[in-house]
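Okay, structure first, notes after.
The values are calculated or read from the model by the stated rules, or taken from the named source; none is laboratory data. Remember, predicted model here, so these are calculated numbers, not experimental data. When we count neighbours, we look across all protein chains shown, and the Cβ atoms used for this are built from the backbone with ideal geometry, even at glycine. The accessibility values were calculated without ligands, DNA or RNA, using every heavy atom of the protein model including side chains. Shrake-Rupley method; radii C 1.70, N 1.55, O 1.52, S 1.80 Å.
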Amino acid sequence: MSGFIECIGVGKTFEGKGGEGKTGRVEALRGINMRCAEGEFVCLLGRSGCGKSTLLQMIAGLERPTAGQIVVAGRELDGPSPSTSIVFQDHGLFPWMTVRAYVEFNLKARGVARVARRTRAEETLTMTSLSEFAGRYPHELSGGMRQRVGIARALTTRPQALLMDEPFGALDAQTRGHLQSELLSIWAVQRTTVLFVTHSIDEAMFLADRILVFTPRPGRLAADVTVALPRPRSPGTPAFAAVADGLRAALGSEGVAA
Amino acid sequence: MPRHAGRLLGLLPILGLIGLWQIAVSAKLYPPVLLPSPAKVAGAFLQWGPMISANAGASVLRVLIGVSLAFAVAVPAGLLIGRYRGLDRLTDWSIQAFRSVPPISLIPLAMLFFGIGDTPAIVLIFVSALWPLLLNTIFGVGGIERTLLKVAASARASELLILRDIILPAALPSIFTGLRLAIGGGWLTVVTAEMIAVKSGLGYMILNAQMTFRTELIFAGIVVIGAIGLLADQSVRQLRARACRWQDGLTSSHG
């Protein structure tokens, strides 16, 4: 099986300026080999500093690997691919754009005509329950609502893969839970591939078909865990606990990421 | 306190100053020829109203033209310099060097090159408005959140779209700060330039009033200069509030 997203020996070393006595070279990732099939929901799990976000940014075409290659939709990556869309933790809303204009942005960037843009944006706004907020500005929205707008923008181009960089990391537990469920229902309908970065075992367990566990310094792939539990999953069950224990062990002994 | 009542508080120091002025006149601090009373200055407005407004109009027009030209040059240039590091490296030293030159010190050169009249005045206003607009535009672009540029890059937006839909609006609040400084600077420059290089305008009127010993006209001129300066600043603030309405709630209301 060839993956929709494929990383072959991917590494990333940052050549920083050697300020304040540091050498400046930081190896963020080393020798990452991974595949992600079409329609699969894959979580990249690891503590902060393990390079999981860097890997996602590289798959999004926003950073270049310093070793190896990344293939998306059968093509070696050279900048952002039209088949993927990325959602950021700090949502990246434009403060001067209404929700509608923002959700249309990716289409505008592709030169889609105004009317077609509007129609597609309306569809996406309905799907993400944002229709009634279409005329609002970001400062008039709650944190959860803003991230929903970020997801809507990413969805308008109907990407084959959605890349999500700790999208719910800054939200309170309740809002996060809501958005996780909503993401799963959107995924169930759209059947896009999702690559989702998180540091939370519970979040990864709740969402993913497969969890790739990263360990830091340098970031490496430590485990590839398939989660065969039926959805919706709840943390109470013994099967859930067993997989979670496995992940905890794979993450290593330096404390536990909840 | 109701909003408008609060605003009127700003008139208090001005009224106080007029009061002190009246006291100084009554105490005969200076002979009336040198220090006319507020009433006499008010009379000057009645006596020379059309002449004062014609000169004020000439000054305002020069500032409008000079600042508009500076805006048309500085904002696009600033957006590009802020966007592209190479351009920033190329221009940074020059900008820092040239902006340290007081525009007034260029008056002799401006007169040599452009003679006496509107042209040297407008050129000087242009120069004094250019730097604050340019620097504030560059600064505004520099303050843009990195994630926003990543959103644009991942959408594969063209440079033109990025400049128009992201860089420009992100820099807009800062551009307005630059505009306020530019109009303020331009206004200072026009009055000075008119005292030397032009035969009309408020600066010329004041200097002429001194030579003909009409001190009340000097005072009237100063009052008009201050009033127009205040009016211009308030207009830019209003414009900014309208153009940056999306900023509501992001910043404090003190402009």
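Quick notes
- Residue in the range B:148-163 that is touching a Leu at 6+ places or on another chain (Cβ under 7 Å), in contact (Cβ under 8 Å) with a residue 60 or more places away in the chain and in a helix (DSSP H, G or I) present: yes
Residues are listed down the side, and each one gets a yes or a no for (1) part of a loop (DSSP other than H, G, I, E, B); (2) more than 29 Å from A:Arg30 (Cβ to Cβ):
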site	(1), (2)
A:Glu122	no, yes
A:Leu125	no, yes
A:Ser129	yes, yes
A:Gln147	no, yes
A:Pro159	yes, no
A:Met164	no, no
A:Leu183	no, yes
A:Val197	no, no
A:Asp202	no, no
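- Test for A:Val42: is it assigned to a strand (DSSP E or B) and either of a type outside the set (Gly, Ala, Ser) or surrounded by fewer than 21 Cβ atoms within 10 Å (Cβ to Cβ) (or both): yes
- Residue under evaluation A:Ala170, criteria (1) part of a loop (DSSP other than H, G, I, E, B); (2) modelled with pLDDT of 90 or more, criterion not met: (2)
- Verdict on B:Gly226 being part of a helix (DSSP H, G or I) and away from chain A (no Cβ under 13 Å): yes
- A:Glu15 being open to solvent by 30 Å² or more (accessible area, probe 1.4 Å), over 28 Å from A:Arg148 (Cα atoms), without any contact (Cβ under 8 Å) to a residue 12 or more places away in the chain and more than 14 Å from chain B (Cβ to nearest Cβ): yes
- Any hit, the range B:6-22, residues being open to solvent by less than 50 Å² (accessible area, probe 1.4 Å), closer than 18 Å to B:Arg214 by Cα and either under 26 Å from the mean Cα position of the chain (by Cα) or in contact (Cβ under 8 Å) with a residue 24 or more places away in the chain (or both): no
- B:Val224 at pLDDT below 95 and crowded, with 19+ Cβ neighbours inside 10 Å: no
- A:Ala161 falls short on exactly one of the conditions (1) touching a residue at least 60 places away in the same chain (Cβ under 8 Å); (2) away from chain B (no Cβ under 14 Å); (3) more than 21 Å from A:Pro232 (Cβ to Cβ); (4) not charged (D, E, K, R), and that condition is (2).
- Taken over the range A:18-39, the criterion of being modelled with pLDDT of 90 or more and open to solvent by 40 Å² or more (accessible area, probe 1.4 Å) is satisfied by A:Arg30, A:Gly31, A:Asn33, A:Arg35, A:Glu38.
- The lone exception for B:Val236 - which of (1) within 13 Å of another protein chain (Cβ to nearest Cβ); (2) out of contact with any Pro (no Cβ under 9 Å at 6 or more places or on another chain) it fails: (1)
- Candidates A:Leu141, A:Leu155: the one that is among the aliphatic types (A, V, I, L, M), over 26 Å from A:Leu55 (Cβ atoms) and either within 14 Å of another protein chain (Cβ to nearest Cβ) or touching a residue at least 60 places away in the same chain (Cβ under 8 Å) (or both) is A:Leu141.
- Test: residue in the range B:192-212 that is over 20 Å from B:Ala54 (Cα atoms) and open to solvent by 30 Å² or more (accessible area, probe 1.4 Å): no
- The range A:89-107 - residue that is more than 7 Å from chain B (Cβ to nearest Cβ) and of a type in the set (D, E, K, R) and, of those, surrounded by the most Cβ atoms within 10 Å (Cβ to Cβ): A:Glu104
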